[in-house]
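First comes the structure, then the notes that go with it.
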Amino acid sequence: MGCGTKKGQITVFIIVGIILVSSVILFFVFRSDLILQIPGGKGTSTNAFLSSCLEDDARASVNSILKNGGYVESPFYASFKFDKEIEKISYLCYNQEDYLPCVNQQPALLSRIEDEIKKSLKDKVENCFSDMTRSFEDEGYEVSSDYNGFEVILEPKKILIRTDSDATLTKAEESSRQENFEITILTRLYELTNVAQEIVNKETTNCDFAYRGYELFYPQFEIEKIQTEDSSDIYKIKHEDTGEEFRFAVRGCVIPPGI
C-alpha cells in the first residue's frame, strides 16, 4: 500500500511538472508572437519587414555601383559602347597627360561605395521604418518608436544596413522593445571592390596589371581588359559565385599615336 502511494505521488508530481513546463513554454510562445509577429504577412520579425521593404532598392543601388564603377551616378566618367548601348563608366584611375601613370581617383574606394549606397537609400530606409510602425498600429499595437538614421557597412559576402532606431510595441498589457535593426544584403561587392582597388594600385605604379596571373591564383575572379579608342582601359571583374561584374576605367602611361 505504501509503495503504491509513493508511485501515485510520483505520477502526480510528473503530471504537475509537465503542466508547469508546458505553461512556461506557452507563455513564451504567445509572448514571442507579440515580439516577432509582423502584421500584413510581411515576415516573422521586424528585421524581415525592413529587409522585404529595402531589398529591391538596395539591390538596384548595388547593381548601379557595379555597372558604373563605384558610383550610383558617376561625376567623372567616359561614355563607352557595350552591346550597342552607350554606357557611363567611371574612371578610378586617370591622367590626362601622356606617358605618365594614372592617378588614383578613389584611394578609399570601400568607404566611397558605402557612402554611395547610404546616399541612395537615405529616404527609403526612413520610409520603411515608418511603414513598419504604421503596420503595427493598424493591427492594434500601441507603438513608440524613434529613428535616428542608419549606416552601411561593406563586409565579405554581404552588406549590412544598420539602423540607429528603436520600437516598443504594446498590446494586451504586454510590451516588447527592439532596437538597432540590422538588414543583410547578400553580394560579392566587397570582394570585387578589393580586386578593383588592387588593380588601380598596380596601374599607378606599373602602368599595368597582370590580370591573367591574378586569375590563376584567384580563380573565383574572371577579369577582362578592353582598350578603347582614346587609349583608356576598361576592366571587367566578374565573381563566379554570383555572376556580379564590377566595371571601371583607367587612363595612364598613354603613348601618343605615331610615337
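What follows is calculated from the coordinates using simple rules that are stated; it is not laboratory data. These numbers come from a predicted model, not from an experiment. Note: ideal-geometry Cβ built from the backbone for every residue, glycine included; neighbour counts use all protein chains shown.
Name the GluC sites (Glu not before Pro) in the range 153-259 that are in a loop by DSSP and that have at most 11 other C-beta atoms within 10 Å, would you?
Those that pass, being in a loop and sparsely packed, are E173, E229, E240.
For the range 119-127, take each phi angle, set θ = phi - 60°, evaluate the Karplus expression 6.51 cos²θ - 1.76 cosθ + 1.60, and give the result in whole Hz per residue in order, putting x for glycine and proline.
For the range 119-127, the Karplus curve yields 5, 6, 9, 3, 6, 5, 4, 5, 5 Hz.
Is the range 104-216 rounded, prolate or oblate when judged by the Cα gyration tensor, a ≥ b ≥ c being the square roots of its eigenvalues, rounded requiring a/c under 1.5 and prolate requiring a/b larger than b/c?
Values: a/c = 4.60, a/b = 3.33, b/c = 1.38.
Prolate, because a/c is 1.5 or more and a/b exceeds b/c.
Tell me the chymotrypsin sites (Phe, Trp or Tyr not before Pro) within the range 44-104 that lie in a loop according to DSSP and have at most 13 other beta-carbon atoms within 10 Å.
Those that pass, being in a loop and sparsely packed, are Y99.
Compute the distance from the alpha-carbon center of the range 129-147 to that of the range 169-247, in whole Å.
36 Å
In debye, nearest 20: dipole of the range 88-145 around its Cα centre with unit charges on the Cβ of K, R (+) and D, E (-)? It would help to have the intermediate numbers written out before the result.
Working: 7 positive and 12 negative charges, 65 e Å.
Magnitude of the dipole: close to 320 debye.
Got a sec? Charge dipole of the range 83-240, +1 on Cβ for Lys and Arg, -1 for Asp and Glu; which of S130, Y94, Q220 is way out at the positive end?
It is Q220, whose Cα lies furthest towards the positive end.
Where nothing but the Cβ of Lys and Arg (+1) and of Asp and Glu (-1) is charged, how large is the charge dipole of the range 125-258 around its Cα centre, in debye to the nearest 20?
The calculated dipole for the range 125-258 is roughly 780 debye.
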